[in-house]
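First up is the structure itself, then whatever we jot down about it.
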Amino acid sequence: MNRRMIGYMIGEITVLEGILLVLPLLVSLCYWEETSIMAFSIMVLLTLAAGFAIIMLCKPQNKVIYAREGFVIVTFAWIIMSAIGCVPFVISGEIPNVFDAFFETVSGFTTTGASILTDVESMSRGMLFWRSFTHWLGGMGVLVLIMAIIPKDSATDSGRAMHILRAEMAGPIIGKLVPKAKDTAKILYIIYFGLTVLEFFFLVMGDMPFYDSVVHAIGTAGTGGFGIKADSLAGYSPYSQWVITIFMLLFGINFNLFYLILLRRFKSFFSNRELWCYGGIVVVAVAVITWNVFSLYGNFSDAFRHSCFQVAGIISSTGYSSVDFNLWPQLSKNILFLLMFIGGCAGSTAGGLKVSRVMLLFKLIQKDVRRLLHPRSVAAVKLEGKTIDNNTLYGVSTYFALYMALILGTFLLISFEPLSFETNLSAAVSCVNNIGPGFGQAGPMEGYAAYSNFSKVVLSIAMRLGRLESYPVLLALYPRTWTKK
C-alpha cells in the first residue's frame with residue numbers, strides 16, 4: 001500500500017477544493033453577503049493551508065497508483081470533500097446543525113439532491129451557488145477533474161489512472177475513450193462543460209434570470225436537483241421546464257456516445273442498444289403517466305409536459321420537480337418508483353442501477369432459462385455486439401445482491417422514525433440511487449427535515465455508498481487492503 005501517495009492525492013484534492021471555494025466567495029462578493037463572504041474566506045484560507053501542508057508531508061518517491069490505492073483515494077476524497085464543504089454552512093449559521101450541514105453537502109457531492117432545508121429561499125446567493133456547485137463537481141467525479149487538470153508528470157500519468165476512473169465512474173463496464181486515461185478525463189470534462197454551457201445559454205435566452213440559469217444548469221449537469229425555490233421548478237415557464245427536461249435526459253446518456261458524435265460516428269451512436277433501451281423506457285413511462293394524470297390537468301399539453309419532466313427527473317436521478325407528484329395517482333407513482341431503480345446509462349452522471357446493468361440482468365435470466373431447457377448448450381451473453389466475460393457477469397450479479405442489501409439495511413435502520421412505510425422505503429431507495437425526492441413526508445415539496453440526526457447519518461452513508469457503488473468504500477474499510485501483501 002502506497003500510503004504516501006494516498007496522502008499526497010488527498011492533499012491535492014484539498015487544495016483543489018480550496019481553490020473551488022473561491023467561486024461561491026465571488027458570488028457572495030457580487031451580492032455583498034457579508035456573512036457568506038466571511039465563511040468562504042475563512043474556508044479558502046484554512047483549506048489551502050491544510051492541503052499544501054498535507055502535500056509537503058506526504059510527498060512520495062513512488063507515484064504509482066495500484067487498484068487498492070485508487071479505491072482508497074476515491075473513498076477518502078469524497079469524505080474529505082464533504083467534510084470541508086459543509087463547514088461554510090455552519091460558520092455562516094445558514095445551516096447551524098452540523099448533521100444537517102453534512103447531510104446537505106453529501107447530498108450535493110453525491111448528486112442526490114435530498115434536502116433538509118424547509119425555507120431554501122431565505123438562504124444567501126453564495127450559499128445556494130455552492131450548494132448547487134457541489135452537484136457539478138460530484139457529477140463527473142472529483143478525481144476525474146484532478147486527472148484532467150494536474151500536470152503530466154504527476155501520479156495519474158503513471159498508466160495506473162484507470163483504477164481511479166473505474167472507481168469513480170459508475171457502471172458495469174468502464175473503458176477509455178483514448179489510450180491515456182488522463183486524456184479520457186479531459187475529453188469527458190470538455191463534453192460535460194460544453195453541455196452545461198449549452199443548457200445555460202438556452203435557459204438564459206428564455207425568461208429565466210442569469211443567476212437562476214447558472215444554478216439550474218450546473219444542477220442539471222450533475223443530475224443533482226438542488227433548487228433555489230420552495231416549489232423547485234414549478235414556478236418557471238413551460239419553456240424553461242422543457243429545456244431542463246431535455247438536458248436531464250441528455251445527462252443521463254453515456255458520455256462516450258457524445259464523443260462518438262464529435263467524431264461524426266453517427267452510425268455507432270444510433271446503434272447503441274443501451275441508448276435505445278433508455279429511450280424506450282422513457283417513452284413508455286411518459287405515455288402511461290400522461291394517460292394516467294390527464295384528468296388532473298384537463299389538457300394534453302400540461303399532462304404531457306409534467307409527465308416528461310418527472311420521468312426525466314427520476315430516471316436521470318436529477319430529482320427536480322415541476323409538480324408535486326406525491327399527489328399523482330398510484331399507478332404513476334409506482335412507475336416513478338420503478339424508474340428510481342433503473343437510473344440512467346452507464347458512464348453518465350445519473351444514479352440508479354444503470355440501464356446496461358438492468359439489460360445484463362435480464363440477459364442472465366434469459367441465459368439460465370435456456371440452460372434449463374437445453375442443459376448442454378453454451379450460450380454467450382452479448383451487449384453492444386460484444387461477448388460479456390464471466391467476470392463482468394458475476395460482478396453484475398454480486399453488485400445487485402449488495403445493492404438490494406444496502407437498500408434493505410438503510411430502510412431497516414431508518415424505520416425507527418415515526419414515519420410511514422412509504423416515506424421510509426422511498427427515502428432509502430431514493431438516497432441509495434441518488435435521486436433526491438421520495439414519497440410521503442420525503443416527497444418533492446417536503447424534504448428530509450423530519451428525520452433525526454441518526455437517520456441523517458445513515459442516509460448520508462447510503463448516498464455515499466450508492467454514488468460509489470459500494471465497493472470502493474468497502475475495500476477502503478477492509479483491513480487486508482492496508483497490508484503490504
Residue pairs qualifying under the 8 Å Cβ cut-off, at least six apart or on distinct chains, with the first in the stretch 362-385 being at positive phi and the second being basic (Lys, Arg), are 384/273
So, in the stretch 217-235, how many residues would count as being open to solvent by 10 Å² or more (accessible area, probe 1.4 Å) and without any contact (Cβ under 8 Å) to a residue 60 or more places away in the chain?
1
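Take the conditions in contact (Cβ under 8 Å) with a residue 12 or more places away in the chain and surrounded by fewer than 23 Cβ atoms within 10 Å (Cβ to Cβ) and apply them to residue 11. Does it pass? Explain how you work it out, then say what you get.
Details: in contact (Cβ under 8 Å) with a residue 12 or more places away in the chain: yes; surrounded by fewer than 23 Cβ atoms within 10 Å (Cβ to Cβ): yes.
Judged against the criteria, residue 11 is a match.
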For residues in the stretch 52-76 being at pLDDT 80 or above and under 25 Å from the mean Cα position of the chain (by Cα), which is most open to solvent (accessible area, probe 1.4 Å)?
76
Give me the residue from the stretch 26-49 that is buried (at least 17 other Cβ atoms within 10 Å of the Cβ) and of a type in the set (A, V, I, L, M, F, W, C) and, out of that set, nearest to residue 6 (Cα to Cα).
48
Show the residue pairs that are 6+ apart or on different chains and have beta-carbon atoms under 7 Å apart, the first residue being within the stretch 304-323 and closer than 18 Å to residue 346 by Cβ, the second being aromatic (Phe, Trp, Tyr).
316/251
Could you pull out the residue among 393, 413 that is within 25 Å of residue 271 (Cα to Cα), out of contact with any strand residue (DSSP E or B) (no Cβ under 6 Å at 6 or more places or on another chain) and assigned to a helix (DSSP H, G or I)?
393
Filter result (over 24 Å from residue 228 (Cα atoms) and open to solvent by 10 Å² or more (accessible area, probe 1.4 Å)) within the stretch 314-345
329, 330, 331, 333, 334, 335, 337, 338, 341, 342
Taking residue 245, is it at pLDDT 95 or above, in contact with a Phe, Trp or Tyr (Cβ under 6 Å, 6 or more places away or on another chain) and more than 30 Å from residue 124 (Cβ to Cβ)?
no
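Has the stretch 432-440 got at least one residue that is small (Gly, Ala, Ser) and not in a helix (DSSP H, G or I)? Working first, answer last.
First, the residues of the stretch 432-440 that are small (Gly, Ala, Ser): 436, 438, 440.
If we keep only those that are not in a helix (DSSP H, G or I) too, we end up with 436, 438.
Within the stretch 432-440, one or more residues are small (Gly, Ala, Ser) and not in a helix (DSSP H, G or I).
Is at least one residue of the stretch 100-118 within 17 Å of residue 461 (Cα to Cα) and open to solvent by 40 Å² or more (accessible area, probe 1.4 Å)? If you could, list the steps in order and put the result at the bottom.
In the first step, residues of the stretch 100-118 are kept if they are within 17 Å of residue 461 (Cα to Cα); the result is 100-116.
Pick out the ones that are also open to solvent by 40 Å² or more (accessible area, probe 1.4 Å) and you get 102.
Yes, some residue in the stretch 100-118 is within 17 Å of residue 461 (Cα to Cα) and open to solvent by 40 Å² or more (accessible area, probe 1.4 Å).
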Do we have any residue at all in the stretch 249-270 that's touching a residue at least 40 places away in the same chain (Cβ under 8 Å), within 19 Å of residue 429 (Cα to Cα), of a type in the set (A, V, I, L, M, F, W, C) and open to solvent by less than 50 Å² (accessible area, probe 1.4 Å)?
no
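Out of 347, 351, I need the residue that is at positive phi and either assigned to a helix (DSSP H, G or I) or at pLDDT below 95 (or both). Which one?
Numbers: 351 fails: at positive phi.
The conditions single out 347.
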The lone condition residue 79 fails out of (1) among the β-branched types (Val, Ile, Thr); (2) open to solvent by less than 50 Å² (accessible area, probe 1.4 Å); (3) within 28 Å of residue 340 (Cβ to Cβ) is (2)
Among residues belonging to the stretch 364-411 that are within 27 Å of residue 316 (Cα to Cα) and charged (D, E, K, R), point out the one that is surrounded by the fewest Cβ atoms within 10 Å (Cβ to Cβ).
386
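Do we find a residue being open to solvent by less than 30 Å² (accessible area, probe 1.4 Å), closer than 23 Å to residue 310 by Cα, part of a helix (DSSP H, G or I) and of a type in the set (Ser, Thr, Tyr) anywhere in the stretch 443-456?
Narrowing the stretch 443-456 to residues open to solvent by less than 30 Å² (accessible area, probe 1.4 Å): 443-444, 447-448, 451, 455-456.
Narrowing further to those that are closer than 23 Å to residue 310 by Cα: 443-444, 447-448.
After this cut, where a residue has to be part of a helix (DSSP H, G or I) as well, the list is none.
No, because not a single residue in the stretch 443-456 is open to solvent by less than 30 Å² (accessible area, probe 1.4 Å), closer than 23 Å to residue 310 by Cα, part of a helix (DSSP H, G or I) and of a type in the set (Ser, Thr, Tyr).
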Being farther than 30 Å from residue 247 by Cβ, in a helix (DSSP H, G or I) and open to solvent by 10 Å² or more (accessible area, probe 1.4 Å) is the requirement here; does residue 361 meet it?
no
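Test residue 309 against the stated conditions and say whether it is closer than 17 Å to residue 225 by Cβ, crowded, with 17+ Cβ neighbours inside 10 Å and at pLDDT 95 or above.
Details: closer than 17 Å to residue 225 by Cβ: yes; crowded, with 17+ Cβ neighbours inside 10 Å: yes; at pLDDT 95 or above: yes.
Against the criterion (closer than 17 Å to residue 225 by Cβ, crowded, with 17+ Cβ neighbours inside 10 Å and at pLDDT 95 or above), residue 309 qualifies.
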Just give me the residues in the stretch 457-485 being touching an Asp or Glu at 6+ places or on another chain (Cβ under 9 Å) and either surrounded by fewer than 16 Cβ atoms within 10 Å (Cβ to Cβ) or not in a helix (DSSP H, G or I) (or both), in sequence order.
468
Between 288, 283, which is modelled with pLDDT of 95 or more, open to solvent by 30 Å² or more (accessible area, probe 1.4 Å), touching a Leu at 6+ places or on another chain (Cβ under 8 Å) and at negative phi?
288
Inside the stretch 389-426, the number of residues satisfying the requirement of being touching a residue at least 40 places away in the same chain (Cβ under 8 Å) and either farther than 25 Å from residue 333 by Cα or of a type in the set (Phe, Trp, Tyr) (or both) is 7
Going through the stretch 298-335 one residue at a time, which ones are assigned to a helix (DSSP H, G or I), among the aromatic types (Phe, Trp, Tyr) and closer than 25 Å to residue 441 by Cβ?
309, 325
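The values are calculated or read from the model by the stated rules, or taken from the named source; none is laboratory data. Just so you know, these numbers come straight off a predicted model, no measurement behind them. Quick reminder, even Gly has a Cβ in these numbers, built from the backbone with ideal geometry, and neighbours come from all protein chains shown. Accessible surface is based on the protein model in full, side chains and every heavy atom, while ligands, DNA and RNA are left aside. Shrake-Rupley method; radii C 1.70, N 1.55, O 1.52, S 1.80 Å.
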